[in-house]
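This report concerns only the one structure given below.
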Protein chains: 2
Amino acid sequence: MKSLEVKEGLSIKKPTIADVAHEAGVSKSTVSQYMNKRYEYMSSKTKGKIELAIKELGYTPNYIAKSLKQKRTLTIGIIVANILHHFSTQVSRAIEDLCQERGYQAIICNADDQPDKERSYIDMLRAKQVDGIIAIPTEGNTELYAELVQQGYPVVFLDRTIADIDIPAVVLNNFEAARGAVAHLLQQGHRSIGMLTGPLNISVRRERVDGYLYAMEQHEVEHDYIWMKEVTKANAMAVLENMFTLKQRPTALVIGNDFLLLETLKFVKSKGIKVPDELAFITFDEVEYADLFQPTISTISQPAFQMGRKAAELLLGHISEKKRPAQLKYEFTATMKLRDSCGENRSL
Amino acid sequence: MKSLEVKEGLSIKKPTIADVAHEAGVSKSTVSQYMNKRYEYMSSKTKGKIELAIKELGYTPNYIAKSLKQKRTLTIGIIVANILHHFSTQVSRAIEDLCQERGYQAIICNADDQPDKERSYIDMLRAKQVDGIIAIPTEGNTELYAELVQQGYPVVFLDRTIADIDIPAVVLNNFEAARGAVAHLLQQGHRSIGMLTGPLNISVRRERVDGYLYAMEQHEVEHDYIWMKEVTKANAMAVLENMFTLKQRPTALVIGNDFLLLETLKFVKSKGIKVPDELAFITFDEVEYADLFQPTISTISQPAFQMGRKAAELLLGHISEKKRPAQLKYEFTATMKLRDSCGENRSL
DNA sequence: TTGTATGCGTTATCAG
DNA sequence: CTGATAACGCATACAA
């Protein structure tokens, strides 16, 4: 009963490799060999002694010491925009899964889209010597990222990319996704189509807007029918209300993310607007209730898991191969899930 | 331009405290003093030299080395049931926020309710010398937790507790929450009330079932009207379908979590059941769409943020004070948010 | 096949 | 006020 050794409630000092060596009557290096499974030239007798000593003492190696020596921590950092967003949790989960498969651990950090927090997390992660970083970056720390890449430090961007920075990025084909959604709405007969997006200080959103505008222009829609609305969660309702008092108001909407979807749903409900007859919409991001809502909600679904996994593969590859991924951009495709809210099942 | 020093794309060795000492013409210990803001007996001249050298070299301290020396990592581990659950992300977020305030970092691990994964994460976290652990525990590693507590290692349980283990826990008053919900339904005139819960190998769920049964018995409901259904996400639909073919089928339901809520909604929708007239329900866990759904969904809402923050306070307190929290149980109260789905706004 | 010596980058102790 | 030196726990080259 090893528990007998630790009667007192005091914090017990953990046994070290030296203790094991002493207990087993061998040297530290031999124990070290054992721990790292270099059994090749080890007599089964010493092996047995060491095994016993380890069990006896309840020895577990100290990774901190190991890391200091080996200059790697088997840990990576993830910097997400906000862990409360589905997309962030999904990619985190995917990254974590791959890490576990490969013996790595991930530290998840919330930058909240604030460059200050982002910087402070990067600094902390580096101080902790994490072997690499996967980030959903803001655009406020480009010099810092440039510095990292220049030092040969493994970094992979996810979801977003930053212009002129030589860091591989796993992204969605946002332009095409938005363009396709708008094209579908146009084809359904809509002419006045709105786009509701979060602040355009983020590449992803700008690309989506570009796709939207491109589709509208291709279809030669009059300028009066183009409603590109840059909103925050706080003012989305007000903007919608205002827009819908106007004559040429949109009959369809492309919504930028699940948060804005909620605002839209709130708006629609409060005004008693009929979906999709009075207003059709399709939203970026899959939501769990898409199929259950009345009407069901059309979505532009991102392969979040695959994207997260890909990012992790690239980063871990970079770490182990010691050379950065070949491509600079790994693009994934969104899939439209057409349901009732964009008028799929009605005759216009 | 410090960037000039690192022309080659090769991985640059980071400057150490020794490099700074050399550059500044002082000793390592003096630089160390400086880094730790022990300026008391330091001439402003040396201070300046060190400052300059640090900037010159772009020196940042190595926390791994620091941790090895100081035997603390300023890192804690969080073991959650599943990061894809809202509750887990919310508590993680709350914990992380407090950690950041106090200069700690959190490593989030997904145990997926699998004791094996849980054990392997605990081992890994300990190997990495994290200063403490917050866990939503399974009941498959009680000996391991017993060992930890016996070693005086800081652990706090969250959401769940384990019998006979001397570890402080932050929990919901599940019994009372379930009892209250059932009492409300009874008061609304329901008699046949069902309870849909996940597998009962988890204390939280058993407590809720106890609360449910207590309320039913208090109200002297006949045994035929008690529908306690232990289901998984996979078979929930089938169980519901089966139950609703029966004569004494429930007219109201208490749902155990947001996953089962989705299944119930799917069921209700596929069968065209009218809520709340043909079936009323209330669910544990707040969902973002509760107010938007048709009908709006009554919820039993947990103060996830406060619970997470409390757990973090207890753990960080234990770590810094070096003695465990006074109480063994910190109980939070759920709040019922009565909306349409449990018949709040209709006359029976 | 195993042991000895040295260093990883810090901090702590104690002289000076 | 500052510096030399010894840890911290492990891995590795080299010796034996």
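The values are calculated or read from the model by the stated rules, or taken from the named source; none is laboratory data. Because the structure is predicted, anything quoted here is derived from the model rather than measured. Every residue, glycine among them, receives a Cβ derived from its backbone with ideal geometry; neighbour counts consider all protein chains shown.
Computed values, structure above
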{"item": "Among (1) surrounded by 21 or more Cβ atoms within 10 Å (Cβ to Cβ); (2) without any contact (Cβ under 8 Å) to a residue 60 or more places away in the chain, the one test that A:THR46 misses", "result": "(1)"}
{"item": "Residues of the range A:320-348 that turn out to be surrounded by fewer than 18 Cβ atoms within 10 Å (Cβ to Cβ) and within 14 Å of chain B (Cβ to nearest Cβ), as a count", "result": "4"}
{"item": "Conditions (1) on the phi > 0 side of the Ramachandran plot; (2) crowded, with 23+ Cβ neighbours inside 10 Å; (3) of a type outside the set (S, T, N, Q); number of the one not met by B:LEU261", "result": "(1)"}
{"item": "Residue that is nearest to B:THR73 (Cα to Cα) [pool: residues in the range A:49-64 that are within 11 Å of another protein chain (Cβ to nearest Cβ) and surrounded by fewer than 17 Cβ atoms within 10 Å (Cβ to Cβ)]", "result": "A:THR60"}
{"item": "Cβ-Cβ under 7 Å pairs, at least 6 apart or on other chains, the range A:211-236 side more than 17 Å from A:THR197 (Cβ to Cβ), far side in a helix (DSSP H, G or I)", "result": "A:HIS219/A:LEU186"}
{"item": "Residues satisfying the stated conditions in the range A:95-131, i.e. crowded, with 21+ Cβ neighbours inside 10 Å, within 20 Å of A:THR161 (Cα to Cα) and not acidic (Asp, Glu)", "result": "A:ILE95, A:ILE108, A:CYS109, A:ASN110, A:ALA111, A:TYR121, A:ILE122"}
{"item": "Residues of the range A:312-341 satisfying the condition of being among the basic types (Lys, Arg) and free of Cβ contacts under 8 Å to residues at least 24 places away in the same chain", "result": "A:LYS322, A:LYS323"}
{"item": "Candidates B:ILE107, B:ILE76, B:ILE95 - the one that is touching a strand residue (DSSP E or B) at 6+ places or on another chain (Cβ under 8 Å), modelled with pLDDT under 95 and either under 24 Å from B:ILE136 (Cβ atoms) or more than 15 Å from DNA strand C (Cβ to nearest atom) (or both)", "result": "B:ILE107"}
{"item": "Test: residue in the range A:289-297 that is assigned to a helix (DSSP H, G or I), out of contact with any Cys (no Cβ under 6 Å at 6 or more places or on another chain), polar (S, T, N, Q) and touching a residue at least 40 places away in the same chain (Cβ under 8 Å)", "result": "no"}
{"item": "Filtered residues of the range A:35-50 (kept if at pLDDT 90 or above and within 11 Å of DNA strand D (Cβ to nearest atom))", "result": "A:MET35"}
{"item": "Flag if A:SER88 is surrounded by 23 or more Cβ atoms within 10 Å (Cβ to Cβ), in contact (Cβ under 8 Å) with a residue 24 or more places away in the chain, within 11 Å of another protein chain (Cβ to nearest Cβ) and more than 30 Å from B:LEU148 (Cα to Cα)", "result": "yes"}
{"item": "Selected residue (criterion: nearest to A:ARG205 (Cα to Cα)) from residues of the range A:254-274 that are in contact (Cβ under 8 Å) with a residue 40 or more places away in the chain and outside any helix (DSSP H, G or I)", "result": "A:GLY256"}
{"item": "Filter result for the condition that a residue is away from chain B (no Cβ under 14 Å) and either within 27 Å of B:LYS66 (Cα to Cα) or more than 14 Å from DNA strand D (Cβ to nearest atom) (or both), over A:SER29, A:SER67", "result": "A:SER29"}
{"item": "Test: residue in the range B:298-305 that is surrounded by fewer than 17 Cβ atoms within 10 Å (Cβ to Cβ), assigned to a loop (DSSP other than H, G, I, E, B) and on the phi < 0 side of the Ramachandran plot", "result": "no"}
{"item": "Residue count for the range A:33-65, restricted to those that are within 12 Å of DNA strand C (Cβ to nearest atom) and in contact with a Leu (Cβ under 9 Å, 6 or more places away or on another chain)", "result": "3"}
{"item": "Filter pass, B:ILE54 being within 16 Å of DNA strand D (Cβ to nearest atom) and farther than 20 Å from B:MET124 by Cα", "result": "yes"}
{"item": "Residue in the range B:14-34 that is farther than 22 Å from B:CYS99 by Cβ, of a type in the set (Phe, Trp, Tyr), outside the structural domain of B:GLU139 (by TED's automatic domain parsing) and at pLDDT 90 or above present", "result": "yes"}
{"item": "Search result, residues across the range A:96-121 that are within 11 Å of chain B (Cβ to nearest Cβ) and in a helix (DSSP H, G or I)", "result": "A:GLU96, A:ASP97, A:CYS99, A:GLN100, A:LYS117, A:SER120, A:TYR121"}
{"item": "Any chance B:ALA181 is closer than 16 Å to B:ILE79 by Cβ, touching a Phe, Trp or Tyr at 6+ places or on another chain (Cβ under 9 Å), modelled with pLDDT of 95 or more and away from chain A (no Cβ under 14 Å)", "result": "no"}
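Condition check ((1) part of a helix (DSSP H, G or I); (2) of a type in the set (A, V, I, L, M, F, W, C); (3) under 26 Å from A:THR333 (Cβ atoms); (4) not assigned by TED's automatic domain parsing to the domain that holds A:ALA178) across all residues:
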position	(1), (2), (3), (4)
A:ASN201	no, no, yes, no
A:ARG206	yes, no, yes, no
A:MET216	yes, yes, yes, no
A:ALA238	yes, yes, no, no
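Rundown of residues vs (1) touching a helix residue (DSSP H, G or I) at 6+ places or on another chain (Cβ under 6 Å); (2) polar (S, T, N, Q); (3) part of a loop (DSSP other than H, G, I, E, B), yes/no style:
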position	(1), (2), (3)
B:GLU139	no, no, yes
B:VAL149	no, no, no
B:VAL156	yes, no, no
B:ALA177	no, no, no
B:GLY180	no, no, no
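Rundown of residues vs (1) of a type in the set (Ser, Thr, Tyr); (2) in a loop (DSSP other than H, G, I, E, B); (3) more than 43 Å from the chain's Cα centre (by Cα), yes/no style:
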| site | (1), (2), (3) |
| --- | --- |
| B:PRO15 | no, yes, no |
| B:VAL20 | no, no, no |
| B:GLN33 | no, no, no |
| B:GLU40 | no, yes, no |
| B:ALA53 | no, no, yes |
